[in-house]
Amino acid sequence: MATSHQRPPRATVGSHRVEEEMFGRVFDGRVVRRIWAFVSPYRLKVAIAVIAVLVFTGTQVVIPLIIRDAIDNGIVTGGEAALTRAVLLFALVILINFGASFVQENVVGQTAENVLFDIREAMFSHLQRVSMSFMDKTEVGRLMSRLQGDVNSMQEFLETSVLSVGDIVLLFGIVASMLWLDVRLGLLTISVLPILFLVRVFWLPRARKAFMAAHEANSVANGALAEAIHGVRAVQNMNREDVNLALYTEKAETNLQAHLTAARYAQVMVPIVDTLTGLAMAFVIVVGGSMVLGQTLEVGVMVAFLFYIQRFFDPIRSLTMQYSVMQRAMASGQRLTEVLDIEVTIRDKEDAFALTRDTEGSIEFRGVTFGYDPAHPVLKDVTFRVNPGETVAIVGPTGSGKSSAMALVNRFYDVQQGQVLVGGHDVRDVTQRSLGRHIAMVLQEPYLFTGTVFENIRYNVVDASEEDVVNAAKAVGAHDFIAALPEGYGTLLGERGGSLSLGQRQLLSFARALVADAQILVLDEATASVDSYTEMKIQTALKRLLQDRTGLVIAHRLATIRNADRIIVLRDGQIVEQGTHDELIAQGGLYAGLYRMNHTSFDDALDTGL
Amino acid sequence: MTALSQQNSSPAGDRAAGPRSIRPHGSAGTLLRITRIAFQKPWWVAIAFASTLVAATLQLMIPIILGTAVDQTQDALAAVDGGRGALLKTAALLFVMAALRGVFTTLQNYYAEAVGHTVGYQLRRAYYAKVQELDFSFHDKVHSGDLITLGMLDLEGVRMFFSTGIVRLLLLSTLIGVGGYILIGTDPVLALAALSFVPFVGWRSSVTRLRLRATWLRLQERLSVLSRVMEENLAGIRVVRAFAAQSLEMEKFRTASLSALELARERVGIRVRNTSAMTFSFFAAMGLVLWIGGHKVIAGEISVGTLASFLTFMTILQMPVRQLGMLVNSFARASTCGSRLFDFLDFEVPIREVPGAPALVLSEGRLRFEDVSFTYPGTERPVLRDVSFEARRGETIGLVGPPGSGKSSLVHLIPRFYDVTGGRITIDGQDIRDISLRSLRQAVAVVQQDVFLFTTTLENNIAYANPWAREKQVERASESARLHDYILNLPGGYRTVVGERGVSLSGGQRQRVSIARTLMLDPSILVFDDSTTALDANTERSIRKSMRENAANRVTVIIAHRLSSLMDADRILVLDDGRIVEEGSHAELLALCGRYRALHDLQVGNDAPTGGTR
Ligand SMILES: Nc1ncnc2c1ncn2[C@@H]1O[C@H](COP(=O)(O)OP(=O)(O)O)[C@@H](O)[C@H]1O
Ligand SMILES: Nc1ncnc2c1ncn2[C@@H]1O[C@H](COP(=O)(O)OP(=O)(O)O)[C@@H](O)[C@H]1O
Ligand SMILES: [Mg+2]
Ligand SMILES: [Mg+2]
């Protein structure tokens, strides 16, 4: 194809939002305060770490002084005793150095890990409570990158910030020691610093941009890879491998170039720093050396200076590195804070009431109006009641609001008008936990977890016996295929239960609802991917199970609908009819019309045209 | 498209690694292989290595020059002015050396990084290509989270090996080797004292490397479990909420989190003990130099300058020795991550085409299953047994059967998502295993039961299979899927971005996007795998009608539970436990009074006023 050399006009890989990769300010007080809340339980350890860092840095500053002492008072003058004393002192100092370095790195490392895990736990736990409407809007991948990438860069931040303290102290320590040893020589040495700062003023903004670009290119490429992994079946199905690889290659190449540019910026400072080091040492040799020759300076002092100069630029260099870590960390911290600050709009009242097993299983909608966006209600003034022990079917075309009504029963969302009552109590007055236990749901899309079949069916009923699980599986006709699995109920299911057919997954999620053994059973097209025969068997079993329970059922198939005590017909979020099958037929309204015309909204009533 | 495919046919990583026969085993082999990939940029590697050697040597000059300078200050005989001149020369030399060292260090670092990023680039491409190439059964078994970790974290570990492993090792060995040589030439005893820390450090690092390597693997596993727990919780949040299972989920999270934390802390301990001990041994050697060297100066055996240069030499080593911990970590990480990554890249994909396979040649468009049996790889129970049927262009085949009877499995065999384990499938007499995969998949399209939408515009999603399509084509496909009007009503129209898994669309809309994008392939064999469950029947009927218009050019296979969807089928196959138990047209099957009839009666309802009500 001639076109293949060009970029296909309608193809992209990966999705990426630039705004979230923005680097933050180096310091954001609000973020730091939030993060500090996680660090403060460990403040004793942090204090120990800081002390250890100070001691460690102190030993580093002291070592050249000891060497100076050894040279000037021992070696040059031939004082054996002074040399011995200096060496013993040296031994002591390096022992302290060893201890301090061990304590510092250990405490910092361990604490950073602890804080990291604490932050993650707080976020995860918060996400368990945030409102469903937030979760609807947010991609799982984005949340995962908060829980992993951002949390990790906080860890890096915590580690480097303690080390930065050490670096700053080291810098001041060295400067102070040099001035103390010899003011003139010290000032001369420090005089190269302004050059460095001047260079950095030019370098920093450009380098930062390059680092940002590299970081972003990396996220872009990673996002595209994640998409390829998740969507691999669709990609193969539609023969897109080659186009995608070409597009991905572009991103990988951008990433490569961005990193090469960043590396250039990172490295360009090295010869400058080294030249300045050389310059400073040359000063010391010429000026200091002349002073030694002129007997106005001891040689040991000169040696100590040379030692200091070699270490002088290390802290400056690593502070520069830490600067970009800090920036990244602030941006991450900001995003973590955002997650922690997501408002929990649906929460238990102070005096929330707990539904018990004895609470009756009635459901009532009183004038309920609800919309995901309040301006566009999907349910309008809906009123109906399901008495304890009754089974009610809701029918209606796709998008008429059936699933939304189910979600309200479980208080996934709060209504805008009217009220939803379960067991006679407004769902806003009862605890969410007891509400969840009072209602068992089969959602429209089956969802299974990694784990055994047994664990999946049992799910939240951790004390369910094997018998309970097997009975539920039998009721939905899943027992036979489960028994035929290599390890029966102990078979590990892969990601999302991928080794099962969709219908089988639907059966398992049905069985899970039965094990929950709740007063109210809510079924949302629970058998859409199951054939009618299997469904009929489930119906038979359900009839027994639902005897003294309340059922709310969304279905298309006539068999299911006709079994219900009552039928509610929903259209465009409004109830247009309700009654028993016979009543509705007799009424001669929409339901009857649809039914008689065999309108396939109840789709299995066949086209009779043939 | 051919140009692209040739260009991409062989993943770069494989090419780099050379022939399969010398496939490495164990960690040495892995590291060797990474090195070989790095050598794809021979000049860069050469510059990096050469600069490292030069930079290290220049750095070693500095202590010597400093020593000279110190001695010059001690030269009591020199006149103050003459001494100053000598000092000036030494200082100039030092300055030049330091500046040059800086330049070469920059070259060393830059080219080391550049080689590392090139390795990363090669591996990324190879990895991406491999992900796309691996068949369904591989992806069935491997959790997507683990693949993401492998492609990001492990790949990073391998990428960094050249700069943080190899080049650093070269630098350190040169410093110690050349430095040691110079020192021994100057004063053997003092040199031994100065280098006394080397054996200890070598021993510590190899021990630590092994321990870090072992714990790294275990940590990766635990972190995988943790991220799986989080990911599944968030993706399944509705189930979690519906069952009020938050505390159970927190329990799962804490268990996974604690076990990872424990190990992470253990690793900190290992690392820190190692670094501190190594630094200590280094300082101890320095103390030894001071002690022995000091006595030697006093005894007049060496000058103060020599002692100063020994001590300066040790300061130069201080940073690299502190970084030795990182070096060790880099080796440990690269060998662990590398062997995992290479195992993945070397995985032989069972489903691939025979070399030089010809493209599918379509003539009458006849699809044939001949005694097809199929068992999923790694399982024992056959899912399909002796399935035989035939369909010609223009025909529609219906498939019904209970969940797990093998309907989806059957249709997944046609585009070779899985390979048959017995019998064969032919299209116009050509065994599908003998023709090129691309041409096969171009001819066969499946509307999957689970819809995966890409996070991009509706337009791009629909044109996914043919991104060169013109706007008209896209619109026509979405019209056929009865999606066009809906899209036009959206504020963004075709430019509306749909979410990761199509969050903002309802189930029925997603299924329609999936149908539309499959139509873009204009396949000769079109399969609907139970892909209209969320559609209201009106829409479904309308879509079926538009399908019928094009049905003459293709074989259509429809899996459905609503028998109304199958009424147009020329033949309906009833599947049970992997076998075809009934076969015939709607009317024939009704007359048979078998399973199909039972399904039919159930759906219509025995007492319902079927048939005659018109
Ligand atoms: N999570 C959601 N966020 C925003 N809109 C939604 C969401 N879920 C459903 N909708 C919209 O609400 C309407 C009713 O949907 P739903 O209750 O799922 O219908 P049904 O179950 O009857 O097919 C549809 O227009 C749908 O697009
Ligand atoms: N990826 C897989 N790996 C192993 N077994 C599978 C896989 N997919 C399906 N199966 C098994 O194969 C059988 C047939 O599944 P499938 O063809 O999906 O059934 P359906 O007729 O419902 O579409 C089922 O028993 C199912 O558990
Ligand atoms: Mg619904
Ligand atoms: Mg299926």
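Brief remarks on what is shown
- Test: residue in the range A:188-198 that is hydrophobic (A, V, I, L, M, F, W, C), surrounded by 20 or more Cβ atoms within 10 Å (Cβ to Cβ), touching a Phe, Trp or Tyr at 6+ places or on another chain (Cβ under 7 Å) and closer than 19 Å to A:Leu279 by Cα: no
Rundown of residues vs (1) modelled with pLDDT of 90 or more; (2) assigned by TED's automatic domain parsing to the domain that holds B:Val167; (3) under 21 Å from A:Val87 (Cβ atoms); (4) not in a helix (DSSP H, G or I), yes/no style:
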site: B:Asn274; (1), (2), (3), (4): no, yes, no, no
site: B:Ser281; (1), (2), (3), (4): yes, yes, yes, no
site: B:Ala285; (1), (2), (3), (4): yes, yes, yes, no
site: B:Trp291; (1), (2), (3), (4): yes, yes, yes, no
site: B:Gly294; (1), (2), (3), (4): yes, yes, yes, no
site: B:Leu307; (1), (2), (3), (4): yes, yes, yes, no
site: B:Met314; (1), (2), (3), (4): no, yes, yes, no
site: B:Met319; (1), (2), (3), (4): no, yes, no, no
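- When residues of the range A:367-377 are limited to those that are part of a strand (DSSP E or B) and crowded, with 18+ Cβ neighbours inside 10 Å, the one nearest to the other protein chains (Cβ to nearest Cβ): A:Phe370
- Positions within the range B:414-456 being touching a helix residue (DSSP H, G or I) at 6+ places or on another chain (Cβ under 8 Å) and of a type in the set (A, V, I, L, M), in sequence order: B:Val420, B:Ile425, B:Ile427, B:Ile432, B:Ala445, B:Val446, B:Val447, B:Val451, B:Leu453
- Hey, A:Tyr447 farther than 24 Å from A:Asp373 by Cα, facing another protein chain (nearest Cβ under 9 Å), under 25 Å from the mean Cα position of the chain (by Cα) and within 16 Å of ligand 3 (Cβ to nearest atom) or not: yes
- For the range B:323-346, a residue qualifies if it is open to solvent by 80 Å² or more (accessible area, probe 1.4 Å) and either modelled with pLDDT under 90 or not in a helix (DSSP H, G or I) (or both), and exactly one does: B:Met326.
- Inspection of the range A:512-522 finds no residue satisfying the criterion of being assigned by TED's automatic domain parsing to the domain that holds A:Asp468 and within 13 Å of ligand 4 (Cβ to nearest atom).
- The residues on offer are A:Leu485, A:Leu448, A:Leu435, A:Leu421, and the sole one that is crowded, with 22+ Cβ neighbours inside 10 Å and either more than 16 Å from ligand 4 (Cβ to nearest atom) or not assigned by TED's automatic domain parsing to the domain that holds A:Ile554 (or both) is A:Leu435.
- Test: residue in the range A:319-333 that is more than 7 Å from chain B (Cβ to nearest Cβ) and not in a helix (DSSP H, G or I): no
- For the range A:274-286, the tally of residues that are surrounded by 21 or more Cβ atoms within 10 Å (Cβ to Cβ) and either more than 7 Å from every other protein chain (Cβ to nearest Cβ) or outside any helix (DSSP H, G or I) (or both) stands at 3.
- Helices (runs of 4 or more DSSP H) contained in the range A:170-272 and holding at least 3 residues more than 9 Å from chain B (Cβ to nearest Cβ): A:183-190, A:193-230
- Residue check, B:Val474 within 9 Å of chain A (Cβ to nearest Cβ), closer than 16 Å to A:Asn237 by Cα and buried (at least 23 other Cβ atoms within 10 Å of the Cβ): no
- A:Gly436 being on the phi > 0 side of the Ramachandran plot and either within 16 Å of ligand 2 (Cβ to nearest atom) or not in a strand (DSSP E or B) (or both): no
- Checklist (1) part of a strand (DSSP E or B); (2) open to solvent by 30 Å² or more (accessible area, probe 1.4 Å) applied to B:Asn550, failing item: (1)
- Filter result (open to solvent by 20 Å² or more (accessible area, probe 1.4 Å) and among the acidic types (Asp, Glu)) within the range A:509-524: A:Asp517
- Taking the listed residues B:Gly151, B:Gly145, B:Gly116, the one that is closer than 30 Å to B:Glu231 by Cα and in contact with a Lys or Arg (Cβ under 6 Å, 6 or more places away or on another chain) is B:Gly145, with no other qualifying.
- B:Ser303 vs. criteria within 16 Å of B:Ala194 (Cα to Cα), of a type in the set (Ser, Thr, Tyr) and out of contact with any Gly (no Cβ under 7 Å at 6 or more places or on another chain): no
- Summed over the range B:569-607, the residues that are modelled with pLDDT under 80, under 24 Å from B:Ala534 (Cβ atoms) and not in a helix (DSSP H, G or I) give a count of 1.
- Scope the range A:526-558; condition acidic (Asp, Glu), more than 16 Å from ligand 4 (Cβ to nearest atom) and within 10 Å of another protein chain (Cβ to nearest Cβ); matching residues: none
- Those residues of the range B:553-583 which are within 13 Å of chain A (Cβ to nearest Cβ), open to solvent by 40 Å² or more (accessible area, probe 1.4 Å) and more than 16 Å from ligand 2 (Cβ to nearest atom), in sequence order: B:Asp568
Matching residues to (1) open to solvent by 30 Å² or more (accessible area, probe 1.4 Å); (2) within 7 Å of chain A (Cβ to nearest Cβ):
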position: B:Tyr111; (1), (2): yes, no
position: B:Tyr128; (1), (2): no, yes
position: B:Val131; (1), (2): no, yes
position: B:Phe136; (1), (2): no, yes
position: B:Lys141; (1), (2): yes, yes
position: B:Met152; (1), (2): yes, yes
position: B:Glu156; (1), (2): yes, no
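- Test: residue in the range B:394-401 that is among the acidic types (Asp, Glu) and not in a helix (DSSP H, G or I): yes
- Single residue of the range A:2-37 satisfying the filter (open to solvent by 30 Å² or more (accessible area, probe 1.4 Å) and touching a Leu at 6+ places or on another chain (Cβ under 9 Å)) that is modelled with the highest pLDDT: A:Arg34
- Tally of residues being open to solvent by 50 Å² or more (accessible area, probe 1.4 Å), more than 11 Å from ligand 3 (Cβ to nearest atom) and not in a strand (DSSP E or B) across the range A:378-413: 2
- Against the test of being surrounded by fewer than 16 Cβ atoms within 10 Å (Cβ to Cβ) and touching a helix residue (DSSP H, G or I) at 6+ places or on another chain (Cβ under 7 Å), the options A:Arg206, A:Arg146, A:Arg129, A:Arg184 yield a single qualifying residue, A:Arg206.
- When restricted to residues that are in contact (Cβ under 8 Å) with a residue 40 or more places away in the chain and part of a helix (DSSP H, G or I), the range A:472-518 contains 17.
- Listed by position, the strands (runs of 3 or more DSSP E) enclosed by the range A:539-589 that each have at least 1 residues that are open to solvent by 20 Å² or more (accessible area, probe 1.4 Å) and assigned by TED's automatic domain parsing to the domain that holds A:Glu525 are A:566-571, A:574-579.
The values are calculated or read from the model by the stated rules, or taken from the named source; none is laboratory data. Small disclaimer: the values here were computed from a predicted structure and weren't measured. Counting neighbours? That spans all protein chains shown, and the Cβs are built from the backbone with ideal geometry, glycine included. Heads up: the accessible areas ignore ligands, DNA and RNA and are worked out on the full protein's heavy atoms, side chains in. Shrake-Rupley method; radii C 1.70, N 1.55, O 1.52, S 1.80 Å.
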